[in-house]
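Read through the structure below, which is laid out as structure tokens, and then see the notes.
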Amino acid sequence: MRSDVSTGRLHAGQIETRRFPVVGERQPSPEARDLGSWRLEVGGLVDEPLALGYDELLARADHELVADIHCVTSWSRLGMTFTGLPLSHLLRQAVPGVDAAFIRFEAYSPRRHDTSVAVDLLDEVWLVHSVDGEPLTVEHGWPLRTLLPSRYFYKSLKWVC
């Protein structure tokens, strides 16, 4: 399955690049690199908490999304192809509660940084492991990052757990 949300346009003040710049933290905590114990956990206000190992996640994450990426630092890269799955696919299984208003993502990073988005953006959030046919590099969020193309790239969390 392939989705395309590319706009083909630069936002005001953005400069197009062909590179994929590294911005922010560059290294995860050690547990992000140990795929044998790595877990993606879906919890909080859900009816069915979910925990997936990396191989289980990859078995579901074969969808492609073509999107333009815009960073708050003023670069944009147009028409990037990401491989992963929409978060909504996992949340169908976890079943968010009616009181859930936000989705919070936490990183496998030394400071366990996090971000959140309103639950009404659920259909826009992806979990991705590859870009342009290659696995993400560690500096870009391998083994898994969130992707929210409708927002500046800082909302797309590296090393999600």
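The values are calculated or read from the model by the stated rules, or taken from the named source; none is laboratory data. All figures in this text were calculated on a predicted structure; none of them were measured in a lab. Glycine gets a Cβ as well: all are built from the backbone with ideal geometry, and neighbour counts include every protein chain shown. The area values use the complete protein model at the heavy-atom level, side chains included, leaving out ligands, DNA and RNA. Shrake-Rupley method; radii C 1.70, N 1.55, O 1.52, S 1.80 Å.
Structure summary
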| item | result |
| --- | --- |
| Which label in (1) 10.4; (2) 9.1; (3) 9.6 gives the computed mean projected area of the Cα convex hull in nm² | (2) |
| Net charge of Cβ neighbours under 15 Å - reference GLN27; Lys, Arg +1; Asp, Glu -1 | +2 |
| Accessible-area composition of the chain, carbon plus sulfur, in percent [1.4 Å probe] | 51 |
| Using a Förster distance of 22 Å, the FRET efficiency for ASP132-LEU50 (Cβ separation, nearest 0.05) | 0.15 |
| Ellipticity estimate at 222 nm from DSSP helix runs (n ≥ 4, -39,500 (n - 2.57)) divided over the chain, nearest 500 | -2500 deg cm²/dmol |
| Of HIS129, GLY43, CYS71, farthest towards positive along the dipole that unit charges on Lys, Arg, Asp, Glu beta carbons give region 1-154 | CYS71 |
| Distance in nm between pseudo-label sites at ILE15 and GLN27 (7 Å out along the Cβ direction from Cα) | 2.9 |
| Amide H within-cut-off set for TYR152, under 5 Å, with H built and near neighbours excluded | none |
| Residue-normalised accessible area of the chain, expressed per residue, 1.4 Å probe, Å² | 52 |
| Heavy-atom accessible area ranking, 1.4 Å probe, most first, across THR146, THR17 | THR17, THR146 |
| Per-residue HN-Hα couplings for region 36-48 [Karplus 6.51, -1.76, 1.60; θ = phi - 60°; Hz; x = Gly/Pro] | x, 10, 4, 9, 9, 10, 10, x, x, 7, 10, 6, 10 |
| Relative contact order of the chain, pairs being alpha-carbon contacts under 8 Å that are 6 or more residues apart, as % | 25 |
